[in-house]
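The values are calculated or read from the model by the stated rules, or taken from the named source; none is laboratory data. Bear in mind the structure is a predicted one, so any value in this text is a computation, not a measurement. A quick note on method: Cβ atoms are made from the backbone with ideal geometry, for glycine too, and the neighbour counts reach across all protein chains shown. Heavy atoms of the whole protein, side chains included, go into the accessibility calculation; ligands, DNA and RNA do not. Shrake-Rupley method; radii C 1.70, N 1.55, O 1.52, S 1.80 Å.
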Amino acid sequence: MPSFSLAALTVLELAPPALIDVAAACGYDHVGIRLLPAVPGGIAYPLMEDEAGLRETIARLDANTVADLEVVAFRPETGIAAFSAFFETGARLGARHILVAAYDPDLDRFTDRFAGFCEAAAPYGLTTDLEFMPWTFVPDLTTPSRIVAQVGQANAGILVDALHFDRSNSSIDEIAGIPADRLHYWQLCDGPAERPATTEEMMYAARYERKFPGEGGIDLVSLTRAMPADIAVSIEVPTAELAKTVDAKARVRRALGAARNVMAAAASKP
């Protein structure tokens with residue numbers, strides 16, 4: 001079994017200390033912490049502006065470590081200098097990776113800024129992992145592969161999310177062509193075999209209504225076999241409707257059990 005991380009989006013209603021407690025109680029090895037919102041006005045826990053909250057979060061990190069920090073969403077106006085406190089907070093948390101998303105239509109400009117961002121994050125021991133999502137300007141696996149190769153920074157990586165991988169029609173063969181040192185961790189979830197009809201429906205499903213691994217129609221076994229076996233698996237399964245009646249710990253425990261089942265199936269002989 002690989003190590004497992006509890007992604008912030010799975011239980012975004014939990015502040016980092018509570019997230020860590022639930023993850024530890026359910027058997028996770030790592031957690032992801034959302035310091036910045038994915039969209040303007042979205043839920044986030046900016047510990048770089050909350051010293052007391054940061055200290056409490058660090059104090060809870062006993063059984064777990066912090067795998068990744070979210071979400072650096074590059075837009076046309078995004079500047080690198082603004083992330084100094086973010087990097088410092090990540091270092092204090094002992095974080096390993098940063099999730100980066102591209103919302104800048106000018107990919108040349110984004111690539112230049114991403115290179116600078118990678119360079120700025122490196123002294124803090126943080127990798128910078130570019131996630132492709134069909135509704136962003138890095139919509140499929142081909143695009144971040146090209147950008148990461150172009151920037152040439154040692155800590156630059158590509159983040160594969162099972163749902164986005166499937167919805168972008170990326171291929172297993174493409175994963176085989178990615179240098180192993182560019183894959184630092186990946187995100188596991190499931191979704192219906194039938195893809196959403198509109199971009200809006202796709203975004204809603206990704207942010208609020210995914211399925212537990214193995215309970216949908218995505219070929220997770222083939223994807224798991226294609227990914228490096230020694231990197232962390234971040235379990236990202238937001239289930240907003242279920243959350244109305246099932247508490248966070250029960251959902252988190254169910255997600256981990258489902259992920260382990262997928263890993264076991266992938267490890268068995270074809």
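GLY125 meets all of the listed conditions (1) at negative phi; (2) open to solvent by 10 Å² or more (accessible area, probe 1.4 Å) but one, namely (1). Kindly establish whether ALA91 is surrounded by fewer than 17 Cβ atoms within 10 Å (Cβ to Cβ), out of contact with any Leu (no Cβ under 8 Å at 6 or more places or on another chain) and free of Cβ contacts under 8 Å to residues at least 40 places away in the same chain. Spelling it out, it is not the case that ALA91 is surrounded by fewer than 17 Cβ atoms within 10 Å (Cβ to Cβ), out of contact with any Leu (no Cβ under 8 Å at 6 or more places or on another chain) and free of Cβ contacts under 8 Å to residues at least 40 places away in the same chain.
Can we say THR10 is modelled with pLDDT of 95 or more, of a type in the set (Ser, Thr, Tyr), touching a helix residue (DSSP H, G or I) at 6+ places or on another chain (Cβ under 7 Å) and buried (at least 17 other Cβ atoms within 10 Å of the Cβ)? Yes; evaluated as a whole, the condition is true for this residue. Counting the residues of the range 183-207 that are surrounded by 20 or more Cβ atoms within 10 Å (Cβ to Cβ) and out of contact with any Pro (no Cβ under 6 Å at 6 or more places or on another chain) gives 7. Here THR65 passes the criteria (1) closer than 27 Å to GLU200 by Cα; (2) out of contact with any Phe, Trp or Tyr (no Cβ under 9 Å at 6 or more places or on another chain); (3) hydroxyl-bearing (Ser, Thr, Tyr) except the one numbered (1). What residue, among those in the range 251-270 that are assigned to a helix (DSSP H, G or I) and open to solvent by 60 Å² or more (accessible area, probe 1.4 Å), is modelled with the lowest pLDDT? Per the stated criteria, the residue is ALA267.
Just one of the listed residues (PHE86, PHE74) is out of contact with any strand residue (DSSP E or B) (no Cβ under 7 Å at 6 or more places or on another chain), in contact (Cβ under 8 Å) with a residue 12 or more places away in the chain, open to solvent by less than 10 Å² (accessible area, probe 1.4 Å) and not charged (D, E, K, R), and it is PHE86. Let me spell it out: the conditions are (1) over 23 Å from PRO16 (Cα atoms); (2) modelled with pLDDT under 95; (3) open to solvent by less than 50 Å² (accessible area, probe 1.4 Å), and ALA81 meets all of them except one. Which number is the exception? For ALA81, the failing item is (3). Scanning the range 94-113 for residues that are assigned to a helix (DSSP H, G or I) and in contact with a Phe, Trp or Tyr (Cβ under 7 Å, 6 or more places away or on another chain), which turns out most open to solvent (accessible area, probe 1.4 Å)? Of everything passing the filter in the range 94-113, ARG113 is most open to solvent (accessible area, probe 1.4 Å). The one condition from (1) under 19 Å from LEU9 (Cβ atoms); (2) touching a residue at least 24 places away in the same chain (Cβ under 8 Å); (3) not in a helix (DSSP H, G or I) that VAL246 does not meet is (2). The single condition from (1) more than 20 Å from ASP247 (Cβ to Cβ); (2) open to solvent by 20 Å² or more (accessible area, probe 1.4 Å); (3) in a helix (DSSP H, G or I); (4) of a type outside the set (D, E, K, R) that GLY41 fails is (3).
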